[in-house]
Every structure is written in C-alpha cells, then in structure tokens.
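Asker: Provided herewith is a single structure, encoded as structure tokens, for subsequent inquiry.
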Amino acid sequence: MQNWIDSGVGFVIALQNIGTWLNVPMQFFSQLGTEDFFFLVLPLIYWSIDSALGLRVGLILATSSMFNYAGKLLFAGPRPYWVSSHVQALWPETTFGAPSGHAQHAMSVWGMIALYRNNLWVRVVCFLLIFLIGFSRIYLGSHFPHDVIFGWLFGAILLWAFVRFWEPVAAWLRNKSFRQHIWISFIASLILMALGLSVTALRSNFQTPSLWIDNTLLAGTEIPAPIDANNIFTSAGTFFGLALGVAWIHVQGGYQADGPAWKRVLRYVIGLIGVLILWMGLGEIFPRGDGVLVYSLRFIRYTLVGFWITGGAPWVFKHFNLTTSSARKPSV
C-alpha cells in the first residue's frame, strides 16, 4: 500500500503541474459527483423525466453512500495532501480517501442512467462524466489513483447488483400490502444502519497520525475527522423515505413524470422548494453533533426528504392538476 501511496503522490503532483487553468473545469466535474448535486438531479429525474429511473437513481445513491462510508472506514486510507505537503489541497476533505465516493457515486448513478436509457449519446455522456469526475478527484489532490479505481469498481459491483436483482425484488414487492412495504423498507434501513455502526465500532479507537494533521494545517484546511456516524443516518433515512414514499403514492394511484414541458418545469420548481425546506431548513433547526437525539432527528429529517421526493411532492402535483389525467402506477 505504501508503494501505491508514494507513486500516487508523484502522479498527483505531475497532474497539478500541468497548470492552474485546469482548476475550474476539474472543480466543475468534481461538483457533478457530489451527493448535494445528486439531491438536485434526483428530483428532476423522478418528477419531470422518468419516475421509474428516478427511483432507481435515488435508491442506488442512498445505498452507495452507506457502502462508501463503510469502505472508507475499512480501508482507512489518507488523502494525498495529508501525506505530502507538495500536493495542493484544491478540494479539501475530512473523511478517509479510499474508495472515492465521487467515483463510486458517479459509476452508480450515471451508470444507472446510461444503462436505463437506451440511447447512444446519453451513454457516451454518462461514461465521459464517470471518467472525468474520477479524474478530477485525482487532479484536485483529494484522491490517489487507486482510490478512484476502487470507487469505480465498488460502484460497478453495486450497479450490477441493482440491475440484476431489481426486477425480481420489484415483482416480490408487488404482492405486498402497504403495511408490509413499510416494514420491509424500515428493516432494510435498519440493515444499512447496522452495517454502518459495525464498521464505525471497528474504528472507534482510531488516532489520526500527526503527519496528516501537520500537512492539513500547512495546507490551511480542516483537520481530518474521518469517523462521523451522521453519515449512517443520512443514508438509512433517505433510503427509508424514498421507499416509503413510492409505496404510499402507489396506493394513491401512482405517479408518472409525463405531461407538457411547462408542467414538468413547474413540478420541479415547486417540489424543489419542499426539498430545500426539509433538507436545509430542518438542518438549521435540528441540533448538530453526535448522540442518540441528534442521530434520530437526522434519520427523521432525511426520511422526510426522501418521502417528499417520491410521495409527498407527487401527491401535491396530482392535487393541483400538474400531472396528466391518466397517471399510471409507477413501474419500478
């Protein structure tokens, strides 16, 4: 592993020496792999483009986030600028490096879009984004090349699992009642929480190396704080909310993202206001930090966000006649 780190540092430095003109485009592509950006893209897809694809994107993103958190704690790898003061911290991070979350989420989400949409140009754009997002993480000094490769690999495995088992699981769920859907979704979220808490316990005694702290201080960035259990409840809550919302709207008659362009745009604007109120508004009200109360409120907050995306907002759209009159039940 040390050989990978040493060679990776040299590779990152060589990329950054190409010139500062790459800073802005690399930061742009890196932004396209953030969870915050996907929180804007997911509602757009679900409400205004294709609800079935939007559901797949939402669930794979929530699952990918949890597995990435677990993977980072298992590998406990540094960031390039943590181990070398010669690497510029163009995109500072406080979590462990491997596997790259940007690369993993990009492979999962953009890969899902590429496979679902049977269109050559869509697939070309998606796979270009997957590559450029991963490449940008190396250039910005946030990841070693092996971090990005691991991220792509884990994302591809998760993508394969979703594509392989989606239809069998969906067929099994169609025979379940709404109450059963609630319990199944909640149990699935508990499994995700159990995974996250287990790996967190494994690293409970981790001590950040002094070299990492010294180099981050030299770079003028935040000191590494790689263990944050809040991520567990973000992913689990989002997963539960998305699954609960789609089960509820199914009982209400279903939702489809078709209709004229003006309705699609209006749905996105109205729905996004609700997302921001629940996501950012409650984030300002609810306490931050650690502890049972904080974690519980975080789980509730992201459950509400997920439910609003797949259930609450579609119900509002239907209530105000912003959907077509013949809305069918979503094909999951």
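Asker: Sort the following peptides by mean Cβ neighbour count (other Cβ atoms within 10 Å, averaged over residues), highest first: 188-196, 301-309.
Answerer: Details: 188-196: 18.2, 301-309: 24.8.
Descending packing order for the listed peptides: 301-309, 188-196.
Asker: If R₀ is 25 angstrom, what is the calculated FRET efficiency for the pair Val125 and Phe11, using the beta carbon separation as r and rounding to 0.05? Show your work: numbers first, answer last.
Answerer: Values: r = 27 Å, r/R0 = 1.06.
Using R0 = 25 Å, I get an efficiency of 0.40.
Asker: On a straight-distance basis, which aspartates and glutamates could pair with Lys176 in a cross-link, Cα separation under 16 angstrom, same-chain partners fewer than 8 positions away excluded?
Answerer: Glu167
Asker: While we're looking at this one, here's another question. Using the Karplus curve 6.51 cos²θ - 1.76 cosθ + 1.60 with θ = phi - 60°, work out ³J(HN,Hα) for each residue of region 284-297 in order, rounded to whole Hz, and write x for Gly and Pro.
Answerer: These are the phi-based 3J(HN,Hα) values: 7, 7, 5, x, 10, x, 10, x, 4, 4, 4, 5, 5, 5 Hz.
Asker: Also, quick follow-up: Using a basic spin-label model with each label point 7 Å from the Cα along Cα→Cβ, how many nm lie between Leu115 and Ile49?
Answerer: Simple spin-label model gives 1.7 nm for this pair.
Asker: Also, I was wondering about something else. For the chain, take the longest principal axis of its alpha carbons; what is the angle in degrees between that and the long axis of helix 51-75, to the nearest 10 within 0 to 90?
Answerer: Helix 51-75 sits at roughly 30 degrees to that axis.
Asker: What length, rounded to one decimal in nm, is gained on full extension from Ser177 through to Val265, with 0.36 nm per residue of separation minus their alpha-carbon distance? Walk me through the numbers before you get to the answer.
Answerer: Values: separation 88, 0.36 × 88 = 31.68 nm, distance 3.30 nm.
That works out to 28.4 nm of additional length.
Asker: Let me ask you something else. Could you tell me how far the Cα centroid of region 99-176 sits from the Cα centroid of region 65-97, in Å?
Answerer: Cα centroid to Cα centroid, the span is 20 Å.
Asker: Related question: Step through the residues of region 299-313 one at a time and calculate ³J(HN,Hα) from phi using the Karplus curve (6.51 cos²θ - 1.76 cosθ + 1.60, θ = phi - 60°), rounding each to whole Hz and writing x for Gly and Pro.
Answerer: Values, residue by residue: 4, 5, 4, 6, 5, 5, 4, x, 5, 4, 5, 9, x, x, 4 Hz.
Asker: If you don't mind, there's one more thing I want to ask. Simple spin-label model, 7 Å along Cα-to-Cβ: Phe165 to Ala188 in nm?
Answerer: Placing both labels 7 Å beyond Cα along the Cβ direction yields 1.0 nm.
Asker: Ranked from highest to lowest mean number of other Cβ atoms within 10 Å per residue, what is the order of the peptides 134-141, 159-166, 67-74, 284-291?
Answerer: On the way: 134-141: 25.2, 159-166: 14.6, 67-74: 22.1, 284-291: 9.5.
By packing density, highest mean first, the sequence is 134-141, 67-74, 159-166, 284-291.
Asker: Ok, one more. Could you work out how much longer the chain between Thr20 and Leu202 gets when fully extended? Use 0.36 nm per residue separation minus the Cα distance between them, nm to one decimal. Before the final figure, lay out the partial values.
Answerer: Working: separation 182, 0.36 × 182 = 65.52 nm, distance 3.99 nm.
61.5 nm is the gain from fully extending Thr20 to Leu202.
Asker: Nearest 10 degrees, 0 to 90: what angle lies between the long axis of helix 2-16 and the longest principal axis of the chain (Cα atoms)?
Answerer: Its long axis makes an angle of about 80 degrees.
Read-outs: derived from the displayed coordinates by stated rules, not from any lab. Everything numeric in this text was worked out from a predicted model, so none of it was measured. No Cβ is skipped: glycine too gets one built from the backbone with ideal geometry, and neighbour counts run over all protein chains shown.
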